[in-house]
Every structure is written in structure tokens, then in C-alpha cells.
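First the structure, in the form of C-alpha cells, and then the observations on it.
The values are calculated or read from the model by the stated rules, or taken from the named source; none is laboratory data. Treat the numbers as computed from the prediction; the structure is a model and nothing was measured. All Cβ positions, glycine included, derive from the backbone under ideal geometry; neighbour counts span all protein chains shown.
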Amino acid sequence: ASTGTRTYIIHMAKSRMPAVFEDHSHWYDSSLKSVSGSAEILYTYDNAIHGFSARMTAEEAAALESRHGIVSVMPELKYELH
Amino acid sequence: TTRTPSFLGLDQNSAMFPESESTSDVIVGVLDTGVWPESPSYDDTGLGPVPSFWKGECEVGTNFTKSNCNRKLVGARFFSKGYEATLGPIDQSKESKSPRDDDGHGTHTSSTAAGSVVSGASLFGYAAGTARGMAPHARVAVYKVCWIGGCFSSDILAAIEKAIDDNVNVLSMSLGGGVSDYFRDSVASGAFAAMEKGILISCSAGNAGPSSYSLSNVAPWITTVGAGTLDRDFPAYVSLGNGKNYSGVSLYKGDPLPGQMIPLIYAGNATNATNGNLCMTGTLIPEKVAGKIVLCDRGVNPRVQKGSVVKTAGGIGMVLTNTVANGEELVADAHLLPATGVGETTGEAIKSYLFSDTNPTATIFFEGTKVGIQPSPVVAAFSSRGPNPITARILKPDMIAPGVNILAGWSRAVGPTGLSEDARRVEFNIISGTSMSCPHVSGLAALLKGAHPDWSPAAIRSALMTTAKVVDKNGKLIEDVSTGKPSTPFDHGAGHVDPVSALNPGLIYDLGVDDYLYFLCALNYTADEISVLAKNNFTCDSGKSYSINDFNYPSFAVSLPATTDSTLGSGDGTSSDTVKHTRTVTNVGSPGTYKVSISTSDAFKVSVNPQELTFSQTNEKKTYTATFTAISSEPTDANAFGRIEWTDGKHVVGSPIAVSWT
């Protein structure tokens, strides 16, 4: 795992997708690339939430939060078996 | 599981339940540690073709191929990108990068929910009988999201994403995290999406009891399940050199102790470590424990590991005593050496003898399996408790179900203790937790879904809640083992699940997607916070009044202001010590008239209007208002409890009341 990075869950407002994108996954990727040259999407979600997960620095996450169409950027949580 | 089908009345009333044709069209998705597909619990004999709506797959990976799935185990996927991104590549010498279960927990939960019928099941002869899931004809789809290092929310969300896409009908999640608002909680946000698609989501309440506010998975679109005991026990008695005998529990099977009294030593006196009393790894002095029975205190490290530590140090037996944190609750374990677990009181008595006698001795007798234990059920001490830490005005847990000493399928990759040094391999294991109670409810929900395919997830939950029992097999209020006193709705929710009654509940409290959105509005969620859950542009109507008090939940969590004598009220519904809740019930039975009955404490009163509801047809809806009024002056954080029941003479539709003064 890269030092200084952590996984975030990014919730997107799909209805605010710019018309230039034909597919929401391209928009998500573009949004991520706009704040990080190295971060890659782990998962793209469409049923459970609208958004994606990716690993990035706190600074990149903060920058992403202010991008168009981003609803929230939340650090990943760890769950445990009961 | 063995015993629980009988304990829940399923065996005795099998004719009432839908046969394979309807329940085999129900698919239970389980997010957990994967599956051991060779377990007989996934035998597909007698099952017809997989339902045509099913889109799931059997994913290939380490020691797992497509042929591991069948008409019972219809789907198996794994999700590890989030886990590997955080902790690095999976070490495939330690865990399978596939749906295969190297832990046992996932095989246990999924077989509890919907395992096939297996005769001759037992763990070393303990809990012997015919094992089966709660919905033995339902199909199973497993989604492996938990690994040695934990379960990561990016993987959980990916699994829910796929489960929705695959078309599961019920989703069972025996996992949880810390307390966080619904829109920050991946399980809650994923569950909201599943609920929108008509999927019932059943989650474990957590094992952080008996502390208050210890619940997890409390979103109102999730069915939250606490744990109770069965009427079964595994006694193992400690006999002391002073002639006294004390009862404990154990699942030990192996060479017995020598047939004479054996020297007994307290771990705290056989160590140089400050925490040596806990029998932590490497803390016992072999010269002091060799050939002796060692008394260890419970806590910090796993119970079975303490036995292993004693054995490694040369001890030949162990008495594991609860501390004040666990009280008298006894959880049986398949220890690696002759060992028994005893309650705190017994532990103190043994310590008193041990510290006062110059040559203390003991032995342990293992008595096997006993059934018919009363009282039962009782609320497990570990079962997490209310009030709801996120939304106090939604009563949680929703119900309790069997979760103590449950036998179900296990992985052959690991022994029954889960310890690396445990070389034993078993087809079934006996373990405890709300992880075990959750899939009981998931399977029962699958049964109800098979019987009533048109019922919403909220309707199914309502049926399970309003028919749940608040009395034990002897007709006494269900006890809380942590106090020895009657449990409250903060402990047992609506009560202990009663699936036979749930099949025909009479009335249901239904909820749709809009109701949940209005609930979020009542919480004053922002548009963005709502969109995290609802994935759309829903905005609350600023001109509309949203109230949690009118949220059509099958239970009542009432908030009253902490009062003084001068504010004690008129009871006219206008003063601050009076709160109104509105509910709408739907008739799912035959036409009839229901009359209300109310039980309360001395601290508050309830009036219901109207007091009779007459239904002339099925699916007819009627609304009533319950007005709660404080009678006595109560300080902040005081609680009182009651119950509203509607009955037509054939059905009893019960709702618990929890009043909190804030």
C-alpha cells in the first residue's frame, strides 16, 4: 500500500454529469485524474451508490471534494465480523 | 443448525410453511468470509433449476471453480480490491483469493440462513441432530468481503452492488463498524439501495452488550437482530477438593482428565506478567502449571487461545472464569484441552477456595448436551443494546433470534477453535454471536418471502416484529442474562422471533421508499446527504412538516422532556410532556375488527385513538394515533417501557414502547 494514501468512497451526483461524457465511468475517471496523476479507481458503483472508490492522499481527496458533481468524499471504513 | 428449527416451532408446524416451489425461488445473499462449498449444507438434491431471474455467477479463484456452485449454492463472488489496496496483496498461502471460506464464519452464517437438511450433524457428538437452515429450500449466494485483516467498505459496497445486480431477495450481513451517520456508513447506504429494489436486509446488532447505546446497523431500512439463547446447554462441572461442585459449559472432546483430583492453580500466581491472569501467550511459567488445572480470567485474548496457552505451558486442564464484564453468561468452546467456562460468581467461589486452601485440587466432568434448559430464550449478555445511538426515536434492535451456541456448517480449512495449532477438522461447529442470530432472521425472512412474494421488505420485518414473543417458554418475561431481570425493548426490541405466527400476522406496518425519504427529511438531512443514500435529486418540501413520530415503524421510541412538577401535564395533547405518534396498519388477513390493549409503566400513560379498527377487506389500511403522556417527573436519561397490542381474537399484533426522558 502506498504511503500517505488511503481509500475513499466518492459519491457522485450522476444527474450533474457534463454532456461531454457518454458514460458515467468516464466522468468518474476524469474527475479522479483531475486531482491525481497516479490514483486509480478500485470500484465503480452504480446500484449501491453512485460513485467510485479510489486510493489517494488527503490533499487529493480534499481537492476532489470541490470538483463539479462530487457529493461527498468519505474515508473508507473497516468493518468486523460479529 | 440443530435444535433451532424445533425451538422456533418450524419442525412442529412444517405443514404451514411453503414447500420447495415457492421458497426455492428465494435467493439469500450473504456477505461474509465466503463459503466451503463441499459442506453437505450446500447439497442441492431435490432442488429444481435455478430461477430464471438469477444473474449471479460462481467466480473462479484459488481452489475454487465454477463447478463448486450448484442448484443450492447459486452464486459465489469475492471482493478484495479495497482490502489489497490497504494491506497489500493477499498472501495466498494463508487465505484463498476466491470465494472459498478459510475462516468458517461465512459457511456458518449462510448454512444457518438457508442450508440444506443434513442428518447426523454434530460437533464431536455435541448438539447432535438433523441440521438445516431456516429456509432449507432457498438458494444461497455468497459474497466474500471479509479477510484475515477485516472487511473494507469499498469491498462491501462492491458486493452489495453485485448482489443487487444479481437479484438476491434477502441480504444477510453479520458484520458492523463504528457508529456513524447513515450517509457515512457504507452498509447503510448500500442497504438503502437494496431496500429500494425490494431486498430485505438483515444485519447483526453487534456483540458490544450489555452496555447501552452499543448497537450497530441501526438504519431503519435495515432489520437489526440481537441474540438470545436456546434451551440447550453443554454442562461441564468443576469438582473441587473441598467437595463442592460448580457448573460450567464446554465443548471439549478428547482424552479425559486423570481419574483423581488434580492440583489447581490461579494463572495470576503462575506468571511474572501483570496480565498473566488472562493466560496471554507466553505469560505462564511452565514449572508452575505443569500437570495442573489452571484457572484463567476471561478477557482480552480469545477464550480458546487461553486453553492453548495453558496446554503449551504444560497445564492439563483449564477453568475459564468470567469477570464482571461477562457476568453469568456461559459460552461453550471446543477447547484443545479439558476445560470449562464458568460464570463470575462461580469463578469467585473457586478463587476463594483456591486462595484459602494450601493444596487446592479440582477436576472437570463433561456431561455432553442437555436440552430443555429453562428459562429460555434469555437475552445474551453480549448482545448489543439500545437506545439507538444514531436516531433515538427509532427503537433498535428490531428483535432477537438464537445466537448462543449455534451449530452450523464450517470450513475444513480451519479447526473449530480457529487457532492455527488446532489440526482438527469438522463439518459443523458451534459458535456464538449476533452473527449467528442475524442469518436466522435472514432465513426466516426468506421463508416469509416465499409465502408472501408480494410483501415488501418492511412488511416482512413488520410480520416478524409484531408477532415476536416477549415471554419465554414458561410464560415469564424474557430475562436478560446480564442482570437476571426481565429484559426491556432496548435489549430484545420487539421480542424473540416467532416465525409460525409471523407467517400470518393479521396486520402489518408497511413502509415504502418515500417513507424512508421523508424520514431523512425529518432528520433534517441536506439534499446532498439524502442523495448519498437515494442517488437522486430528492429534496424535502420546505412547506411540509416531516416527523419521525409519524414514521410507520412497528415499534415506538418516544422522547419526552425531562419534567419538573410544575410542567407535569394536562394530558390534553398540547403540553410538552405529551407526544403523539401516528401509525397506519394494513390488513393482510381476513376481514375483522381489531381492539387495542395497552400496557405501560407508572411513569407514563398511552391513549390510542381509535381503539377499534374494522377491516372489511384484505390490504385495507387504517390509521391510529397513540398519545404518550408523562405521569411522573423523571430525570434526563430515565427510561420506561410498555406495549401496544391489537387483536382480533386470532392474531396479536404487538408493538413495544420505549419512552426516554431527554
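Looking at segment B:482-493, which of its residues are in contact with a Leu (Cβ under 9 Å, 6 or more places away or on another chain) and crowded, with 24+ Cβ neighbours inside 10 Å?
Result: B:Ser487, B:Pro489, B:Phe490, B:Gly493.
Looking at (1) within 14 Å of chain A (Cβ to nearest Cβ); (2) aliphatic (A, V, I, L, M); (3) surrounded by fewer than 22 Cβ atoms within 10 Å (Cβ to Cβ), which is the one condition that is false for B:Val30?
Against the list (1) within 14 Å of chain A (Cβ to nearest Cβ); (2) aliphatic (A, V, I, L, M); (3) surrounded by fewer than 22 Cβ atoms within 10 Å (Cβ to Cβ), B:Val30 comes up short only on (3).
Checking the condition surrounded by 20 or more Cβ atoms within 10 Å (Cβ to Cβ) and basic (Lys, Arg), which residue from B:Lys288, B:Lys292 passes?
Numbers: B:Lys288 fails: surrounded by 20 or more Cβ atoms within 10 Å (Cβ to Cβ).
Selected residue: B:Lys292, the only one of B:Lys288, B:Lys292 that is surrounded by 20 or more Cβ atoms within 10 Å (Cβ to Cβ) and basic (Lys, Arg).
Please work out if B:Ser119 is out of contact with any helix residue (DSSP H, G or I) (no Cβ under 7 Å at 6 or more places or on another chain), surrounded by fewer than 22 Cβ atoms within 10 Å (Cβ to Cβ) and at pLDDT 95 or above. Talk me through it step by step, then tell me what you get.
Numbers: out of contact with any helix residue (DSSP H, G or I) (no Cβ under 7 Å at 6 or more places or on another chain): yes; surrounded by fewer than 22 Cβ atoms within 10 Å (Cβ to Cβ): yes; at pLDDT 95 or above: yes.
Considered against the rule, which asks whether it is out of contact with any helix residue (DSSP H, G or I) (no Cβ under 7 Å at 6 or more places or on another chain), surrounded by fewer than 22 Cβ atoms within 10 Å (Cβ to Cβ) and at pLDDT 95 or above, B:Ser119 comes out as yes.
Restricting attention to segment B:284-297, which residues are outside any loop (DSSP other than H, G, I, E, B) and touching a strand residue (DSSP E or B) at 6+ places or on another chain (Cβ under 8 Å)? Before the answer, list the steps.
Looking only at segment B:284-297, we keep the residues that are outside any loop (DSSP other than H, G, I, E, B), and these are B:284, B:286-289, B:293-297.
The answer is B:Leu284, B:Lys288, B:Val289, B:Ile293, B:Val294, B:Leu295, B:Cys296, B:Asp297.
Quick one: in segment B:152-169, of everything that is at the interface with another protein chain (Cβ under 7 Å from one of its Cβ atoms) and surrounded by 24 or more Cβ atoms within 10 Å (Cβ to Cβ), which residue is farthest from A:Ala54 (Cα to Cα)?
First, pick out the residues of segment B:152-169 that are at the interface with another protein chain (Cβ under 7 Å from one of its Cβ atoms): B:152-154, B:156-158, B:160-161, B:164-165.
Checking the rest, the ones that are also surrounded by 24 or more Cβ atoms within 10 Å (Cβ to Cβ) come to B:152-154, B:156-158, B:160.
Numbers: B:Phe152: 13, B:Ser153: 12, B:Ser154: 9, B:Ile156: 14, B:Leu157: 13, B:Ala158: 12, B:Ile160: 17 Å.
Checking each candidate, the answer is B:Ile160.
Would a scan of segment B:619-626 turn up a residue that is of a type in the set (Phe, Trp, Tyr), buried (at least 16 other Cβ atoms within 10 Å of the Cβ) and closer than 26 Å to B:Thr391 by Cα? Before the answer, list the steps.
Taking segment B:619-626 as the starting set, the residues that turn out to be of a type in the set (Phe, Trp, Tyr) are B:624.
Cutting the leftovers down to buried (at least 16 other Cβ atoms within 10 Å of the Cβ) gives us B:624.
Retained after the next criterion (residues that are closer than 26 Å to B:Thr391 by Cα): B:624.
The answer is yes; a qualifying residue exists.
Would you mind stating whether B:His496 is surrounded by 24 or more Cβ atoms within 10 Å (Cβ to Cβ) and under 22 Å from B:Arg132 (Cα atoms)? Let's see the steps before the verdict.
Values: surrounded by 24 or more Cβ atoms within 10 Å (Cβ to Cβ): yes; under 22 Å from B:Arg132 (Cα atoms): yes.
Taking the combined requirement at face value, the residue satisfies it.
Restricting the first residue to segment B:140-156 and requiring it to be at positive phi and in a loop (DSSP other than H, G, I, E, B), which pairs with a second residue that is of a type in the set (Gly, Ala, Ser) and buried (at least 24 other Cβ atoms within 10 Å of the Cβ) meet a Cβ separation below 7 Å and a spacing of at least six or different chains?
none
Condition (residue is in contact with a Gly (Cβ under 6 Å, 6 or more places away or on another chain) and under 26 Å from B:Gly104 (Cα atoms)) applied to segment B:3-21: is it met by at least one residue?
First pass over segment B:3-21, keeping only residues in contact with a Gly (Cβ under 6 Å, 6 or more places away or on another chain): B:18.
Cutting the leftovers down to under 26 Å from B:Gly104 (Cα atoms) gives us none.
No; the residues of segment B:3-21 include none that is in contact with a Gly (Cβ under 6 Å, 6 or more places away or on another chain) and under 26 Å from B:Gly104 (Cα atoms).
Quick test of your reading of the structure: B:Ile598 fulfils all but one of (1) out of contact with any Asp or Glu (no Cβ under 8 Å at 6 or more places or on another chain); (2) modelled with pLDDT of 85 or more. Name the failing condition by number.
Result: B:Ile598 passes all but (1).
State all residues of segment B:482-498 that are assigned to a loop (DSSP other than H, G, I, E, B) and in contact with a strand residue (DSSP E or B) (Cβ under 7 Å, 6 or more places away or on another chain); if no residue qualifies, say none. So that I can check it myself, show each step before the final result.
Here is the first cut: in segment B:482-498, the residues assigned to a loop (DSSP other than H, G, I, E, B) are B:482-484, B:487-488, B:493-495, B:497-498.
Correct list: B:Ser487, B:Thr488, B:Gly493, B:Ala494, B:Gly495, B:Val497, B:Asp498.
Across segment A:15-43, what is the total count of residues that are closer than 23 Å to B:Tyr182 by Cβ and surrounded by fewer than 18 Cβ atoms within 10 Å (Cβ to Cβ)?
2
Do the conditions hold for A:Glu59, that is, is it assigned to a loop (DSSP other than H, G, I, E, B), over 10 Å from the mean Cα position of the chain (by Cα) and either more than 14 Å from chain B (Cβ to nearest Cβ) or of a type in the set (A, V, I, L, M, F, W, C) (or both)? Steps first, answer last, please.
Values: assigned to a loop (DSSP other than H, G, I, E, B): no; over 10 Å from the mean Cα position of the chain (by Cα): yes; either more than 14 Å from chain B (Cβ to nearest Cβ) or of a type in the set (A, V, I, L, M, F, W, C) (or both): yes.
Taking the combined requirement at face value, the residue does not satisfy it.
Please enumerate the residues belonging to segment B:170-191 that are modelled with pLDDT of 95 or more and at the interface with another protein chain (Cβ under 7 Å from one of its Cβ atoms).
Correct list: B:Ser174, B:Leu175, B:Gly176, B:Ser189, B:Gly190.
Restricting the search to segment B:260-284, which residues are touching a Lys or Arg at 6+ places or on another chain (Cβ under 7 Å) and of a type in the set (Ser, Thr, Tyr)?
B:Tyr266
Could you list all residues from segment B:271-285 that are within 22 Å of B:Leu257 (Cα to Cα) and either under 38 Å from the mean Cα position of the chain (by Cα) or exposed (fewer than 14 other Cβ atoms within 10 Å of the Cβ) (or both)?
We begin by selecting, within segment B:271-285, every residue within 22 Å of B:Leu257 (Cα to Cα); these are B:279, B:284-285.
Result: B:Cys279, B:Leu284.
Of everything in segment B:138-151 that's over 12 Å from B:Val74 (Cα atoms) and touching a Ser or Thr at 6+ places or on another chain (Cβ under 7 Å), which residue is surrounded by the fewest Cβ atoms within 10 Å (Cβ to Cβ)?
Just the residues of segment B:138-151 that are over 12 Å from B:Val74 (Cα atoms), to begin with: B:144-151.
Filter once more, so that each one left must be touching a Ser or Thr at 6+ places or on another chain (Cβ under 7 Å): B:144, B:146-147.
On the way: B:Lys144: 32, B:Cys146: 27, B:Trp147: 25.
The selected residue is B:Trp147.
Cβ contacts < 7 Å: first residue free of Cβ contacts under 8 Å to residues at least 40 places away in the same chain, restricted to segment B:29-57; second residue surrounded by 16 or more Cβ atoms within 10 Å (Cβ to Cβ) and hydroxyl-bearing (Ser, Thr, Tyr), any location; separation 6+ or different chain. Result?
Taking only residues 6 or more apart or on different chains, the pairs are B:Gly48/B:Ser24.
Considering only residues that are surrounded by 24 or more Cβ atoms within 10 Å (Cβ to Cβ) and in a loop (DSSP other than H, G, I, E, B), which ones fall in segment B:170-198?
Matches in segment B:170-198: B:Ser174, B:Asp185.
Residue under question is B:Phe64, and the condition is that it be within 14 Å of another protein chain (Cβ to nearest Cβ) and aromatic (Phe, Trp, Tyr); does it hold?
Numbers: within 14 Å of another protein chain (Cβ to nearest Cβ): no; aromatic (Phe, Trp, Tyr): yes.
Against the criterion (within 14 Å of another protein chain (Cβ to nearest Cβ) and aromatic (Phe, Trp, Tyr)), B:Phe64 does not qualify.
Which residues, taken from segment B:235-259, are farther than 27 Å from B:Arg425 by Cα and at pLDDT 95 or above? Steps first, answer last, please.
Restricting attention to segment B:235-259, the residues satisfying the condition of being farther than 27 Å from B:Arg425 by Cα are B:238-247, B:259.
Answer for segment B:235-259, where residues must be farther than 27 Å from B:Arg425 by Cα and at pLDDT 95 or above: B:Val238, B:Ser239, B:Leu240, B:Gly241, B:Asn242, B:Gly243, B:Lys244, B:Asn245, B:Tyr246, B:Ser247.
Condition check ((1) of a type in the set (Val, Ile, Thr); (2) assigned to a strand (DSSP E or B); (3) under 30 Å from B:Thr434 (Cβ atoms); (4) within 13 Å of chain B (Cβ to nearest Cβ)) across all residues:
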| site | (1), (2), (3), (4) |
| --- | --- |
| A:Pro18 | no, no, no, no |
| A:His26 | no, no, no, no |
| A:Asn47 | no, no, yes, yes |
| A:Ser53 | no, yes, yes, yes |
| A:Ala63 | no, no, no, no |
| A:Glu80 | no, yes, yes, yes |
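In segment A:8-32, what residues are under 9 Å from the mean Cα position of the chain (by Cα) and of a type in the set (S, T, N, Q)?
The one that is under 9 Å from the mean Cα position of the chain (by Cα) and of a type in the set (S, T, N, Q): A:Ser31.
In this structure, is A:Ser72 farther than 23 Å from B:Asp165 by Cα and at the interface with chain B (Cβ under 9 Å from one of its Cβ atoms)?
Details: farther than 23 Å from B:Asp165 by Cα: yes; at the interface with chain B (Cβ under 9 Å from one of its Cβ atoms): yes.
Spelling it out, A:Ser72 is indeed farther than 23 Å from B:Asp165 by Cα and at the interface with chain B (Cβ under 9 Å from one of its Cβ atoms).
With the checklist (1) outside any loop (DSSP other than H, G, I, E, B); (2) at pLDDT 95 or above in hand, flag the one item B:Pro51 doesn't pass.
Among (1) outside any loop (DSSP other than H, G, I, E, B); (2) at pLDDT 95 or above, B:Pro51 violates only (1).
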